1. Between beta-carbons, use under 12 Å as the cut-off and find the net charge around Asp108, counting Lys and Arg +1, Asp and Glu -1.
2. Accessible area per residue, 1.4 Å probe, Å², for the stretch 47-149: what's the number?
3. With Rg and the Kirkwood Rh both taken from Cα atoms, where does Rg over Rh land for the chain?
4. Take every Cα pair under 8 Å in the stretch 27-96 that's 6+ residues apart, average their separations, divide by the length, and report that relative contact order as a whole percent.
5. Within the chain, what's the longest run with no trypsin sites (Lys or Arg not before Pro) in a DSSP loop and at most 14 other beta-carbon atoms within 10 Å? Give the range, please.
6. At a 1.4 Å probe radius, which order do Met158, Met52, Met25 fall into by accessible area, largest first?
7. Quick one: with all protein chains in place, what share of the accessible area of the chain is carbon or sulfur, to the nearest percent (1.4 Å probe)?
8. Which of the peptides 41-47, 132-138 is most tightly packed, and how do the rest follow, going by the mean number of other Cβ atoms within 10 Å of each residue?
Amino acid sequence: MIEIPIAKIEKIKNYAQIMVSKKRMPHVIGTVKFATTLARIHGFNENVAEFMGYAHDLFREVDWSKLLKIAKIYGIKTNIQDKVRPVLLHGKIAALFIKKRFKIEEEDILSGISYHTSGYKDFGTYGKILFLADSLEETRIYPKIDELRLLAYKDLDMAFYEVLRNKISYAVSRDLLVLPETVEAWNESVIKRNM
């Protein structure tokens, strides 16, 4: 079972208070609340969910040129989407930051933080919890969000599938990028549903 000590939660919370703007902090707090609620409902460790909620957007507001430099320093391979929209790197950078700074090796935590925006075909439960919390927390407002929240309380896998569907539909309807990880996660979810 994955554990996160209280001391690490306090430390990551302090980092969030320093690195995240006052404007973005309500989203981070909302993500923490929703993630811990989902963890509690589904029988998972709330401390892990809380830690991930505070960690996920640490680098979200860093200047794009700096994100590219940090990615290079960390050895993160960038693709065309990252170069067009460097903000997409913030999750991967945050995951490597917490791996180094907090000595965290659990793949579910690292992939959850890395791909909290796009989704990921090999998410574990904590990755799905963070992905859903980031999309469904209390400051988010969009059509059908209340239905998606209720679904997340009942079934993480089905909610993951429906939130992915929603993200893809939104991106396609506005001629936005659909990230390769999102497409892979969608395809994997469809395959699992049809098995």
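1. Details: positive: Lys128; negative: Glu105, Glu106, Glu107, Asp122.
My count for the surroundings of Asp108 gives -3.
2. Details: 4660 Å² over 103 residues.
Solvent-accessible surface per residue comes out at 45 Å².
3. Numbers: Rg = 15.8 Å, Rh = 16.8 Å.
For the chain, the value is 0.94.
4. Working: 69 pairs, mean separation 21.3, N = 70.
Averaging sequence separation for qualifying contacts and normalising by length gives 30 percent for the stretch 27-96.
5. The reported range is 24-76.
6. Details: Met158 55, Met52 0, Met25 30 Å².
Descending order: Met158, Met25, Met52.
7. On the way: 5580 of 10280 Å².
The computed percentage sits at 54.
8. Working: 41-47: 15.1, 132-138: 23.0.
Per-residue mean Cβ counts within 10 Å order the peptides as 132-138, 41-47.
The values are calculated or read from the model by the stated rules, or taken from the named source; none is laboratory data. The structure displayed is predicted, hence computed values, not measured ones. In this analysis, Cβ positions are derived from the backbone assuming ideal geometry, glycine residues included, and neighbour counts consider all displayed protein chains. Just the protein is used for accessible areas: all its heavy atoms, side chains included, with ligands, DNA and RNA removed. Shrake-Rupley method; radii C 1.70, N 1.55, O 1.52, S 1.80 Å.
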